[in-house]
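Below: the structure, in structure tokens.
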Amino acid sequence: MLSAGLNTMSFSWVASPAATELEIVVVDWVAKLLNLPEQFLSKGNGGGVIQGSACEAILVVMIAARDKVLRSVGKKALEKLVVYSSDQTHSSLQKACQLAGIHLENCRVLKTDSSTNYALRPESLQEAVSKDLEAGLIPFFLCGTVGTTSSTAVDPLAALGKIAKSNEMWFHIDAAYAGSACICPEYRQYIDGVETADSFDMNAHKWLLTNFECSLLWVKDQSALTEALSTNPEYLKNKASQANLVVDYKDWQIPLGRRFRALKLWMVLRLYGAENLKSYIRNHIKLAKIFEQLVSKDPNFEVVTPRIFSLVCFRIAAVDNDEKTCNNLNRSLLDAVNSSGKLLFSHTILSEKFVLRFAIGAPLTEEKHVMEAWKVIQEEASFLLSK
Ligand SMILES: *Cc1c(COP(=O)(O)O)cnc(C)c1O
């Protein structure tokens, strides 16, 4: 019955009732670890599925949302559908819009700034929605982020969800990176408001010790997905499916065949256990805090946005407020440090500032590595500043 060799851990959809059952179990486990609302669990209309990536997750929910609204307003309204997000939302949203046929002029990318630490302001959303409604457009999809890629900003989920609900929009939460931290009770607050969402996604392959790829997507209403994605060809017909005895995950995702991803996640959960996973996260955040303290004690540097999880956004501080020179200096520092081959960090731009991103996320990183990394950064910085 196996469609591919066991070595690839890939099973055909028909042959995988055990794999499907295990997937239902493990996604429910993680939902409970995250203390997600009951509606996201498999026992009712909701449930979770393991996707390959956060990009695929956002695409399938957008298609579900699109078809749901088009069923009530008619297919011709496609060009009127509007999507909302902030300018910090991951580019996967834009790609989903491109793939789902959403007109790009109907993608509202709402501006954020340092006053909210780059979180989306509910007032901006409300204003944009009202304007679109006046213009006869149809708001249908909102993406909120917990832990944006640039600076780990956290959007105010409850307030955004309220606006989404009163306008009958689908509310998706992208917590690809930071979702993992929310298994710790002290970080769970960052997904408060998730009860207002229609879908929630987090990548176990980013920060939860699971090999690439393993993106967990939960929805409250699985029928929205299956109504948009179901197919029923003769060659796949079987008694279990026809009697509705199994979950056909092929109708929750793009591909038909699927890897047995649940097995590796099951291994991770069984091998480490909830407490070890929590200490793993806590340790990374502790290391990031140490780095943040080192940066803030050095007058040549500044922390640019408050650290929330394990990412520190920092830079050489501007001398005499000359932003341009400062940006060039930081760019040179990034290049110099990265070409040393001793460590690798990355950058982003926030409010036109070139910002350095120091992220802790590797299983083997220890305090001594953070201290050594900081030494390399400081040395390269002094050299650049003395020129
Ligand atoms: C990493 C990330 C993504 C993209 O994840 P993929 O699984 O590579 O598609 C999307 N959103 C956020 C917030 C991320 O951190």
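The values are calculated or read from the model by the stated rules, or taken from the named source; none is laboratory data. Owing to the predicted nature of the structure, the values given are computational and were not obtained by experimental measurement. All Cβ positions, even for glycine, are placed from backbone atoms using ideal geometry, and neighbour counts span all protein chains on display. Just so you know, the surface numbers come from the protein's heavy atoms only, side chains and all, with ligands and any DNA or RNA stripped out. Shrake-Rupley method; radii C 1.70, N 1.55, O 1.52, S 1.80 Å.
Taking the listed residues Val49, Val69, Val82, the one that is in a helix (DSSP H, G or I) and in contact with a Leu (Cβ under 9 Å, 6 or more places away or on another chain) is Val69, with no other qualifying. Restricted to segment 116-175, and to residues that are assigned to a helix (DSSP H, G or I) and within 20 Å of Ser72 (Cβ to Cβ), which residue is nearest to the ligand (Cβ to nearest atom)? Only one residue fits best here, namely Ala164. In this structure, does Ala119 turn out to be more than 17 Å from the chain's Cα centre (by Cα) and among the aliphatic types (A, V, I, L, M)? Against the criterion (more than 17 Å from the chain's Cα centre (by Cα) and among the aliphatic types (A, V, I, L, M)), Ala119 does not qualify. Number of residues in segment 201-224 that are buried (at least 24 other Cβ atoms within 10 Å of the Cβ) and farther than 24 Å from Ile360 by Cβ: the value is 3. Might you check whether a residue that is polar (S, T, N, Q), open to solvent by less than 40 Å² (accessible area, probe 1.4 Å) and in contact (Cβ under 8 Å) with a residue 24 or more places away in the chain occurs anywhere in segment 44-51? Yes, segment 44-51 has at least one match. None of Glu195, Glu227, Glu275 is away from the ligand (no atom under 16 Å from the Cβ), without any contact (Cβ under 8 Å) to a residue 12 or more places away in the chain and open to solvent by 40 Å² or more (accessible area, probe 1.4 Å) except Glu275.
Apart from one condition, Ser91 fits all of (1) away from the ligand (no atom under 16 Å from the Cβ); (2) among the small types (Gly, Ala, Ser); (3) without any contact (Cβ under 8 Å) to a residue 24 or more places away in the chain; the exception is (1).
Against the test of being surrounded by 13 or more Cβ atoms within 10 Å (Cβ to Cβ) and either touching a helix residue (DSSP H, G or I) at 6+ places or on another chain (Cβ under 8 Å) or over 26 Å from Ile191 (Cβ atoms) (or both), the options Asn117, Asn106 yield a single qualifying residue, Asn106. When Ala318, Ala362, Ala288, Ala381 are checked against the criterion of being of a type in the set (Gly, Ala, Ser) and in contact with a Lys or Arg (Cβ under 7 Å, 6 or more places away or on another chain), a single residue qualifies: Ala288.
Of all residues in segment 12-36, those that are assigned to a loop (DSSP other than H, G, I, E, B), under 22 Å from Trp207 (Cα atoms) and open to solvent by 20 Å² or more (accessible area, probe 1.4 Å) total 1. Hey, can you tell me all the residues within segment 75-90 that are open to solvent by 30 Å² or more (accessible area, probe 1.4 Å) and over 18 Å from Leu157 (Cα atoms)? The answer is Lys75, Lys76, Leu78, Glu79, Lys80. So which residues in segment 151-168 are in contact with a Phe, Trp or Tyr (Cβ under 7 Å, 6 or more places away or on another chain) and open to solvent by 10 Å² or more (accessible area, probe 1.4 Å)? Result: Val154, single match. Candidates are the residues of segment 176-192 that are outside any helix (DSSP H, G or I) and open to solvent by less than 40 Å² (accessible area, probe 1.4 Å); the one that is farthest from Asn283 (Cα to Cα) is Ala176.
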